[in-house]
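Trainee: Below is one structure. I have some questions about it.
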Amino acid sequence: MNPKLILFIVLVSSSLFAQRIPETIQSKKVGNRTFTVVTPPSYATSPEKSYPTLVVLDGEYLLDPFEGILKYGSYWDDLPEMIIIAIDQNNGETRFKDSEFDEAGFPSGSGANFFEFIGVELLPYVEKKYRTLPFRMIGGHDTTAGFLNFYLYKDNPIFNAYISLAPEMAPEMEKRIAERLTKITKPIFYYQATGEGDLKEINEKAAELDANIKAIPNATFKYQNDAFKGASHYSLVAKAVPNAIYFIFDGYQPISMVEFQDKILKLEAGYTDYLIAKYDELEKRFGFKMKPRLSDFKAIEAAIMKNKAYNELQPLGEYADKHYPKTILGTYHQALYFEKTGNYKKAVKTYQRAFTLEPIRELTKDYMLNRAEALKGKEDKPSEEAPAEVPAETPTEEPTEKKE
């Protein structure tokens, strides 16, 4: 086979999978340290795209469960792709030295150095070399789970989300974390998990922290605590990691049938506003500048049609034109508005405009021209009266559950 063709195949195939890149950094704080950076499948093929970051402590054994659920979730578009930074800490007593604290319950000695290493050296190194977004997460288990809480002691924590699995806490940590959460002004996501079969001290302190956090009035942060029945100190990780990631990225998923029926259909108005707010919130919370999903446009369209709120097709069309310019999508919504309000002549002209636009999914030029043809010769009628359905298959559909 041609060597150039072999190289091309290797490059193309490698871009379809996440890449694990071993890294070494010579730190002034902790000496020579190794870690692994995992870039998502789209990293090589989407040079314009940036990603949130997840720092995984105890990287040798926690990387796989975190990477696995992120790969699975992003495959179904339930979770965003992200860059994972897995720090090696399981050589001898390294993880315990990295998590060292004094009698007062604050990082000290090698623990203070490791604390500074992550914020002053590791993150700047990764963010200079890789395309990252400002949204940062950190996760750890037992000793390192307790350690990651120290970042909340700062007035402006460097992480936005914390995943604490069976934490071994420093003195007063179960009180200090709750106190800090009442004072931190930036949006914070905090997840904690324990297993029924874990050490008594771990579970008691975690339960006390849980009670302290739940007692905070008017909480401005997002919080979830899971206490898994029958889980051990180690098995809880497999249960907790998916819960933690889905908790943090709640709302990222496409509109589901449950959301459609329980929230959107029950609205009296503002269907298009609901869609706009969904993606504005994702950008505000995580920094994602996402193009709204076509399936979400279809869900909003279906709600509008079901509740006969035809006037909302116009702003939906404008929103579609903003994100899918040069395609038929926005023109389709505008034409559908004219059709459903009895303005058949305008509907015909608008459907015919699709001839100069690009097809998008089932919205083809033939489909649009067929709808125009079906309306020709019909007399305009008052908009108060819903016109009869045009004998043509409409692509309007409600959300469907994903295939098993």
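Trainee: Nearest 0.05, what FRET efficiency do LYS381 and LYS326 give at R0 = 41 Å with Cβ-Cβ as r?
Mentor: The value I calculate is 0.80.
Trainee: May I pose another question? Pop out the ³J(HN,Hα) list for segment 203-216 in order, Karplus 6.51 cos²θ - 1.76 cosθ + 1.60 with θ = phi - 60°, rounded to Hz; leave Gly and Pro as x.
Mentor: Going residue by residue, I get 5, 5, 5, 5, 5, 5, 4, 4, 5, 5, 5, 5, 7, 6 Hz, with x marking Gly and Pro.
Trainee: What is the distance, in nm, between label points placed 7 Å from the Cα along the Cα-to-Cβ direction at ASP250 and at LYS214?
Mentor: 1.5 nm
Trainee: Spin-label point model (7 Å from Cα, Cβ direction): what's the ALA207 to THR34 distance in nm?
Mentor: With each label point 7 Å from Cα toward Cβ, the separation is 4.2 nm.
Trainee: How charged is the neighbourhood of PHE247? Take every other residue with its Cβ under 12 Å from the Cβ of PHE247, and add Lys/Arg as +1 and Asp/Glu as -1.
Mentor: -1
Trainee: Take the chain, compute every pairwise Cα distance, and split them into 10 Å bins from 0; I just need the percent in each bin.
Mentor: 4, 19, 24, 20, 15, 11, 6, 2, 0
Trainee: Among DSSP beta bridges lying fully in the chain, give the percent that are antiparallel, nearest 5.
Mentor: Of the beta bridges lying entirely in the chain, close to 35 percent run antiparallel.
Trainee: May I pose another question? What number comes out for the charge environment of LYS229, summing +1 per Lys or Arg and -1 per Asp or Glu over other residues with Cβ under 11 Å away?
Mentor: Around LYS229, the charge tally is -1.
Trainee: Can you give me the distance in nm between label points at LYS200 and ALA277, each placed 7 Å from the Cα along the Cα-to-Cβ direction?
Mentor: Those two pseudo-labels are separated by 4.9 nm.
Trainee: Specify the longest stretch of the chain that does not include any exposed loop site, a site being one of the chymotrypsin sites (Phe, Trp or Tyr not before Pro) with a non-H, G, I, E, B DSSP assignment and at most 12 other Cβ atoms within 10 Å.
Mentor: So the longest stretch without any such site is 77-404.
Trainee: Let me ask you something else. Between segment 230-285 and segment 95-126, how many Å separate their Cα centres?
Mentor: A separation of 34 Å, based on Cα centres.
Trainee: Relative to the present Cα-Cα distance, how much length would full extension add between LYS175 and LYS289 at 0.36 nm per residue of separation?
Mentor: Difference between extended and current length: 37.3 nm.
Trainee: On to the next question. Relative contact order for the chain: what percent, with Cα pairs under 8 Å and sequence separation of 6 or more?
Mentor: So the answer I get is 10 percent.
Trainee: Per-residue HN-Hα couplings for segment 69-81, Karplus 6.51 cos²θ - 1.76 cosθ + 1.60 at θ = phi - 60°, whole Hz, x for Gly and Pro?
Mentor: Result, rounded to whole Hz: 6, 5, 5, 5, x, 6, 4, 8, 6, 8, 10, x, 6.
Trainee: Report, by chain and number, residues whose modeled amide H sits under 5 Å from the one on LEU54, excluding near sequence neighbours (fewer than 5 apart, same chain).
Mentor: Those lying under 5 Å, H to H, from LEU54 are ILE83, ILE84, ILE85, MET137.
Trainee: May I pose another question? Over 19 Å between Cα atoms: which of LYS154/LYS200; LYS340/LYS376; LYS278/LYS340 fall into that group?
Mentor: LYS154/LYS200; LYS278/LYS340
Trainee: Step through the residues of segment 310-318 one at a time and calculate ³J(HN,Hα) from phi using the Karplus curve (6.51 cos²θ - 1.76 cosθ + 1.60, θ = phi - 60°), rounding each to whole Hz and writing x for Gly and Pro.
Mentor: Those phi angles translate into 4, 4, 6, 5, 5, x, 5, x, 5 Hz.
Trainee: Using alpha carbons only, how many degrees (0 to 90, rounded to 10) separate the axis of helix 329-340 from the longest principal axis of the chain?
Mentor: Between the helix axis and the principal axis of the chain, the angle is about 50 degrees.
Trainee: Indicate the gyration tensor shape class of segment 257-375 (rounded, prolate or oblate), computed on the Cα atoms with a ≥ b ≥ c the square roots of the eigenvalues: a/c under 1.5 is rounded; otherwise a/b larger than b/c is prolate and the rest oblate.
Mentor: oblate
Trainee: Taking the Cβ-Cβ separation of GLU268 and TYR72 as r and a Förster radius of 45 Å, what is the calculated FRET efficiency to the nearest 0.05?
Mentor: Efficiency at R0 = 45 Å is approximately 0.75.
Trainee: What are the GluC sites (Glu not before Pro) within segment 88-170 that DSSP puts in a loop, where the Cβ has at most 12 other Cβ atoms within 10 Å?
Mentor: GLU93, GLU103
Trainee: Be a star and scan segment 80-112 for residues whose amide nitrogen sits under 19 Å from the point 7 Å along the Cα-to-Cβ vector of TYR234.
Mentor: Only 89-96 fall inside the zone, counting backbone N under 19 Å.
Trainee: Quick one: grab the alpha carbon gyration tensor of segment 61-164, order the square roots of its eigenvalues as a ≥ b ≥ c, and give me rounded if a/c is under 1.5, else prolate or oblate depending on whether a/b is larger than b/c.
Mentor: Taking the square roots of the gyration eigenvalues as a ≥ b ≥ c, segment 61-164 is prolate.
Trainee: Let me ask something else. Calculate the FRET efficiency for LYS97 and GLU60 from the Cβ-Cβ distance with a Förster distance of 22 Å, rounded to the nearest 0.05.
Mentor: In this case the efficiency is close to 0.90.
Rule-based calculations on the coordinates, nothing more; no lab input. Every value quoted in this text rests on a predicted model; they were computed, and no experiment measured them. Don't worry about glycine lacking a Cβ; one is built from the backbone with ideal geometry, like all the others, and counts go over all protein chains shown.
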